[in-house]
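First up is the structure itself, then whatever we jot down about it.
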Amino acid sequence: MVERSEVDENKRATLRRFAVLGAATPLAKFGGDGEAGGESEARDAIAGYVATTPGAHFSKIRDDLKLGTGEAQHHLRQLLNAEVVESRRDGDYRRFYPAEQFAPFEQVALGYLRRDTPRGMLIELLRDPDATGSDLAAALDVSRPTVSKYAADLEEAGLLDREDGYAVSEPETVITLLVRYADSFGADAATFAAQADGLISFDP
């Protein structure tokens, strides 16, 4: 049986780790009681988490930082009011981003990159622009109708062009986001990031 003190210490350690990131970012730092586990530390932790995991939805922020629902809601409201973070509705989710850091296309892309199957589809298409729906289904071990469903969602979101096969919209932007935040996505993104050097072309 896990002791309450051990749970509290694990939470404090998690908050401290992300609070350091929050304090180191150009995001506004809140004044507060300065005590470990205090309100200032919790808000800095959320700011740090959002900076390193942009596009995360409320439940993920709450669970990864080991916060209560009311506690997470309170601090996110404070951060939103202070314009430290911003949010956008994404279907059933509300996703959070550092304020004024991402264009609308990037915010939408980050939201879909945080979903396993859409991320997998985008990664496969960036690796092989000629991949068909059947190729994607086989590579991701999902059904062909599942690929079709998410392809339609990605097209509606402006991330995929289905006029002639499947083509990722603004591929270099999507690659940049995948590489920059690879550690906050799944193992597929980390593998892709290690192989991405040859996928971005530069035109000085």
Can you tell me which residue is nearest to G55 (Cα to Cα) among those in region 164-189 that are open to solvent by 40 Å² or more (accessible area, probe 1.4 Å) and assigned to a loop (DSSP other than H, G, I, E, B)? E170
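Tally the residues that are in a helix (DSSP H, G or I) and either modelled with pLDDT of 90 or more or crowded, with 23+ Cβ neighbours inside 10 Å (or both), restricting the search to region 22-38.
1
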Here's a check for you: in region 81-114, which residue that is aromatic (F, W, Y) and under 14 Å from T52 (Cα atoms) is surrounded by the fewest Cβ atoms within 10 Å (Cβ to Cβ)? F102
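What are the residues in region 115-156 that are aliphatic (A, V, I, L, M) and open to solvent by 30 Å² or more (accessible area, probe 1.4 Å), if any? It would help to see each step written out before you state the result.
Residues of region 115-156 aliphatic (A, V, I, L, M): 121-123, 125-126, 131, 136-140, 142, 147, 151-152, 154.
Of everything in region 115-156, those that are aliphatic (A, V, I, L, M) and open to solvent by 30 Å² or more (accessible area, probe 1.4 Å) turn out to be A138, A139, L140, V142, A152.
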When R127 is evaluated against the numbered criteria (1) under 23 Å from D188 (Cα atoms); (2) within 13 Å of the chain's Cα centre (by Cα), which criterion, by number, is the only one it fails? (2)
Quick one: what pairs do we get from region 70-87, first residue touching a residue at least 12 places away in the same chain (Cβ under 8 Å) and over 11 Å from P98 (Cβ atoms), second open to solvent by less than 10 Å² (accessible area, probe 1.4 Å) and part of a helix (DSSP H, G or I), C-beta under 8 Å, 6+ apart or different chains? E71/A42; A72/I46; A72/I61; H75/A42; H75/I46; L76/I46; L76/I61
Sort out which residues of region 39-78 are open to solvent by less than 30 Å² (accessible area, probe 1.4 Å) and either part of a loop (DSSP other than H, G, I, E, B) or polar (S, T, N, Q) (or both), and write them in order of number. S40, T53, P54, G55, L65, L67
Condition first: in contact with a helix residue (DSSP H, G or I) (Cβ under 8 Å, 6 or more places away or on another chain), in a strand (DSSP E or B) and not hydroxyl-bearing (S, T, Y). Now tell me which residues in region 79-103 satisfy that. V85, E86, R88, D90, R94, R95, F96, P98
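The values are calculated or read from the model by the stated rules, or taken from the named source; none is laboratory data. Computed from a predicted model, the values in this text were never measured in an experiment. Virtual Cβ from ideal backbone geometry, glycine too; neighbours counted across all protein chains shown. These area figures cover heavy atoms from the full protein model, side chains too; ligands, DNA and RNA do not enter into them. Shrake-Rupley method; radii C 1.70, N 1.55, O 1.52, S 1.80 Å.
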